[in-house]
Amino acid sequence: MASSVAAVVVAAGRGLRAGGGLPKQYRLLAGEAVIRSSLSLFAWHGEISAVQAVIHPDDRANYNKAAAGLRLLPPVAGGATRQASVRAGLEALNAAAPDIVLVHDAARPFCSTELVSRAIAACGQTGAAVPALEVTDTIKRVDADGYVDGTVDRAPLRAVQTPQAFAFPALLEAHRRAARDGREDFTDDAALAEWAGLKVTVFAGESGNVKLTTDEDFAKAEARRIASLTDVRLGNGFDVHAFGDGDHIWLGGIRIPHDRGLTGHSDADVGLHALVDAILGALADGDIGKHFPPTDPRWKGAASDQFLKFAVERVAKRGGKIAHLDLTVICEAPKIGPHRDAIRQRIAEIADLSIERVAVKATTSEQLGFTGRKEGIAAIATATVRLPWSW
Ligand code: MG
């Protein structure tokens with residue numbers, strides 16, 4: 001019979017060292033929280049039946065956002081040390097009594113499906129196995145004054161990573177014993193298992209399975225994640241609103257004085273509506289009317305920036321990134337040119353983009369058709385969206 005396997009994702013640390021104002025496991029990489037990579041890796045892995053996250057109680061809201069839509073056990077609160085947090089996760093899993101448990105640090109978002117499978121296979125053989133890399137740098141011993149004291153033979157050395165895999169009952173028992181003996185100083189589960197007398201073996205780790213700690217780590221990880229967004233999509237959107245009484249219009253998120261207003265259920269921001277449909281089009285995720293039905297009184301007079309924010313969030317939830325937004329406004333009046341940069345700035349703000357990624361253009365229709373007769377304004381938009389490749 002196949003073993004049942006559970007995963008503990010350790011994310012209770014405060015880890016504010018890398019800046020960004022958030023604990024590092026909740027910082028975004030290309031729009032996705034660092035922790036979500038590990039949670040979804042385990043949640044979707046065919047050999048794993050339960051995923052237990054251990055979080056800091058203050059991070060509950062961040063966690064809920066990062067874990068949205070994934071099939072996970074309810075998170076448990078961690079302790080004062082990493083070791084205490086792992087123990088809390090193991091105790092929470094005890095009712096499910098898995099055969100094998102994988103313990104993984106949330107700050108390693110690039111662990112592959114294959115590495116998880118290798119961890120499970122290695123543990124099935126030996127009962128305790130950790131991913132490791134040979135040390136390729138020359139290692140020196142240095143004294144307190146900064147003088148080299150000797151060169152260490154690196155042949156027997158290994159740099160170890162997570163996920164570390166253990167027979168569940170043995171690891172839980174080792175953790176309980178360590179807690180009873182007042183030992184709270186183990187920095188990884190292998191060290192604790194060694195102390196408890198378990199034989200720990202190593203298997204091949206991955207050089208890409210890095211732990212994010214410094215700002216430089218995050219910058220590299222962001223570039224790596226963006227480079228992985230190979231599913232490039234173009235979406236288009238089109239919208240029209242008719243002129244009616246009024247002294248201003250909303251266009252591209254800004255208020256423009258005019259001798260007419262635009263009629264519509266919301267604020268009739270024809271530019272933002274076209275952009276929303278362009279983004280939803282790139283995601284193949286319905287249209288603005290599906291998500292915000294005009295029959296719903298909640299959207300009466302609503303400011304349209306919330307519709308655009310919604311579409312932008314749908315991209316982030318898919319782990320993607322908007323690369324570019326291009327809006328063309330078609331009308332005889334008002335003149336859009338004087339407002340172009342203000343509109344670009346506002347759209348960039350709403351969509352969390354740099355202004356260089358937002359284009360706004362305007363044209364007339366040479367007095368032809370409804371726009372030519374000044375009966376209303378039309379807008380067309382294109383969105384370029386990058387998503388992780390998945391079938
Ligand atoms: Mg509309």
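The values are calculated or read from the model by the stated rules, or taken from the named source; none is laboratory data. What you see is a predicted model; the values in this text were computed from it and never measured. Here the Cβ positions follow ideal geometry from the backbone for every residue, glycine too, while neighbour counts run over all protein chains shown. Note: areas computed on protein heavy atoms with side chains; ligands, DNA, RNA excluded. Shrake-Rupley method; radii C 1.70, N 1.55, O 1.52, S 1.80 Å.
Summary of values
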read-out: The range 290-323 - residue that is closer than 18 Å to W250 by Cα and among the basic types (K, R) and, of those, most open to solvent (accessible area, probe 1.4 Å); value: K300
read-out: Filter pass, T263 being away from the ligand (no atom under 13 Å from the Cβ) and either among the β-branched types (V, I, T) or on the phi > 0 side of the Ramachandran plot (or both); value: no
read-out: Any pair with Cβ under 8 angstrom, 6 or more apart, that starts in the range 337-353 at a residue that is not assigned by TED's automatic domain parsing to the domain that holds H324 and ends at one that is surrounded by 17 or more Cβ atoms within 10 Å (Cβ to Cβ); value: none
read-out: Failed item, numbered, when I55 is tested on (1) buried (at least 18 other Cβ atoms within 10 Å of the Cβ); (2) farther than 28 Å from D185 by Cβ; value: (2)
read-out: Of all residues making up the range 89-118, the number that are buried (at least 19 other Cβ atoms within 10 Å of the Cβ) and farther than 27 Å from R224 by Cβ; value: 7
read-out: 2 or more residues under 30 Å from the mean Cα position of the chain (by Cα): qualifying strands (runs of 3 or more DSSP E) within the range 110-156; value: 128-134
read-out: Which numbered condition R177 fails, given (1) open to solvent by 10 Å² or more (accessible area, probe 1.4 Å); (2) at pLDDT below 95; value: (2)
read-out: Hits in the range 344-376 (condition: more than 20 Å from A311 (Cβ to Cβ), of a type in the set (A, V, I, L, M, F, W, C) and not in a loop (DSSP other than H, G, I, E, B)); value: A362, F370
read-out: Pick from the range 206-225, criterion touching a residue at least 24 places away in the same chain (Cβ under 8 Å) and open to solvent by 50 Å² or more (accessible area, probe 1.4 Å), ranking: nearest to E332 (Cα to Cα); value: E222
read-out: Close pairs from the range 271-290: first not assigned by TED's automatic domain parsing to the domain that holds H324, partner open to solvent by 10 Å² or more (accessible area, probe 1.4 Å) and away from the ligand (no atom under 13 Å from the Cβ), Cβ under 9 Å, at least 6 apart; value: none
read-out: Selection from the range 287-299 of residues that are part of a helix (DSSP H, G or I), within 10 Å of the ligand (Cβ to nearest atom) and not β-branched (V, I, T); value: G289
read-out: Odd one out for A302, checked against (1) within 19 Å of G261 (Cα to Cα); (2) assigned to a helix (DSSP H, G or I); value: (2)
read-out: One residue from D287, D277, D245, D326 being within 26 Å of T364 (Cβ to Cβ) and open to solvent by 50 Å² or more (accessible area, probe 1.4 Å); value: D245
